[in-house]
Amino acid sequence: MKRSKLIIPLSLITLVILMAGFGADDPTVINSRERLGEKLFFDPILSKDKSISCASCHKPEFAFADTARVSLGVGGTKGTRNSPSVTNLSGRPNLFWDGRAASLEDQALQPIINPVEMNLPIADAIDRLQKDKEYAALFQKIFNAPPTQKNLLLAIASFERTLETANSPYDRYINGDDKAISENAKRGRMLFIGKANCNNCHSGEDFTADRFKGIGLFNDEDLKDQGRFEVTGNPEHKGHFKIPGLRNVGLTAPYMHNGMFKTLKEVIQYYNNPDAVIKNGKNRDLSLNKPLGLSETEINDIEAFLLSLTDDRFQKPNHKTGQ
């Protein structure tokens, strides 16, 4: 089961974010690394032209993912990959679609300095924070030191570590509440584990095996992203990408590293028969060589199960902050 000690802080933070605005703007409540990291996460001060923040691409109302196929950086520059959710990343051994970061601190740095994202050299970011009276005072209060690269990244990572979720209908179901999910979702769970073989890659409490797989979304023609190969240089890794966790997946469309699928149903239909969508995928895992033979009803049941993984705090009639 998920670690309960992380659930309480997220409940407080989510209440601030989704119900009453961003309370981290109030210096009197910023008394920890997590709260300072929260303030930094939502502050555009870390982008070159002060136009975007971490939350611009990791929207809290969509489980801290983006709704665009690829996110836009400063000046409207298009990124190259879909921005995934930053929930449930605590303890993950590899981050980013290609696994190039080994910790949340490493991950927090990359969007700030990336030319197609926030495009701000880290030295410039630190200089800004040191010259900002409020931030200078907050870092001194919390770290007993001025802003540095190390404590900036530690603060953001500390906030992201609070974004663990484990209070979904599925969680209540496996804890004994037989009525927590629908009959469709129950059937979908059995298909997920059995006939559809989803559990082969999406296992564990966060539904990820923390490995890299080629699922046929690379052909070196129109699908040219080489994924993990760009990090390791191993030809066997061309077209391999990190297996994402599936908690809150009902909110994080579009899907895949390039955002090519708009709905969960499209994703399931792809796995049902990859060759019907992409005939010439390279380095595709052997487990995907044969169609699964799922019926339309079974596809709907798997979708129902995946939707049951949405944490209660994101179950809002209107997924807009403050509503």
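For this structure, a couple of remarks:
- Counting only protein heavy atoms and using a 1.4 Å probe, the accessible area of K265 comes to about 60 Å².
- Taking the convex hull of the alpha carbon positions in the chain and averaging its projected area over all directions gives 16.6 nm².
- The residue among A196, I142, A253 whose Cα reaches farthest toward the positive pole of the charge dipole of the chain, with charges on the beta-carbon of Lys, Arg, Asp and Glu, is I142.
- Here K213 is the anchor, and the lysines within straight C-alpha reach of less than 26 Å, apart from those fewer than 8 places off in the same chain, are K2, K78, K195, K224, K238, K242, K262, K265, K279, K282, K290.
- Estimated at 0.36 nm per residue, the fully extended path between D49 and A209 surpasses their Cα-Cα distance by 53.8 nm.
- Structure-based [θ]222 nm, the chain - -39500 (n - 2.57) summed over DSSP H runs of at least 4, per residue, nearest 500: -10000 deg cm²/dmol
- Calculated FRET value between N300 and K224, using beta carbons and R₀ = 30 Å, to 0.05: 0.35
- Take every DSSP beta bridge whose two residues both sit in the chain; close to 90 percent of them are antiparallel.
- Taken one residue at a time, the phi angles of the range 289-295 give Karplus couplings (6.51, -1.76, 1.60, θ = phi - 60°) of 6, 10, x, 7, x, 6, 7 Hz. Gly and Pro are set to x.
- Across the accessible surface of the chain, with the other protein chains kept in place and a 1.4 Å probe, carbon and sulfur atoms take up 53 percent.
- Accessible area expressed per residue, the chain, with surrounding protein chains retained (probe 1.4 Å, Å²): 46
- In this rough spin-label picture, where each label sits 7 Å from Cα along the Cβ direction, the N289-Q140 distance is 6.6 nm.
- Calculated FRET value between A123 and A102, using beta carbons and R₀ = 22 Å, to 0.05: 0.45
- Rounded to whole Å, sorted largest first: equivalent-ellipsoid semi-axes of the range 33-162, Cα gyration tensor: 22, 17, 13
- Label-point separation in nm, N280 to K133, each point 7 Å along Cα→Cβ: 6.3
- Each of K133, K50 has its accessible area taken with a 1.4 Å probe; listed largest first, they run K133, K50.
- Between Q315 and I193, the modelled label-to-label distance comes to 2.2 nm, taking each label 7 Å out from Cα in the direction of the beta carbon.
- Measuring nothing but how far apart in sequence close Cα pairs (under 8 Å, 6+ apart) lie, relative to its length, the chain scores a relative contact order of 22 percent.
- All Cα pairs of the range 169-314, percent lying beyond 24 Å: 32
- Listed residues M256, M118 arranged by accessible area, highest first, probe 1.4 Å: M256, M118
- By a 1.4 Å probe calculation restricted to protein chains, I278 has an accessible surface near 10 Å², given to the nearest 10.
The values are calculated or read from the model by the stated rules, or taken from the named source; none is laboratory data. These figures come from a predicted structure and were not determined experimentally. Every residue, glycine as well, gets a Cβ built from its backbone with ideal geometry; the counts of neighbours run over all protein chains shown. Quick note on the areas: whole protein, heavy atoms, side chains included, nothing else; ligands and nucleic acids left out. Shrake-Rupley method; radii C 1.70, N 1.55, O 1.52, S 1.80 Å.
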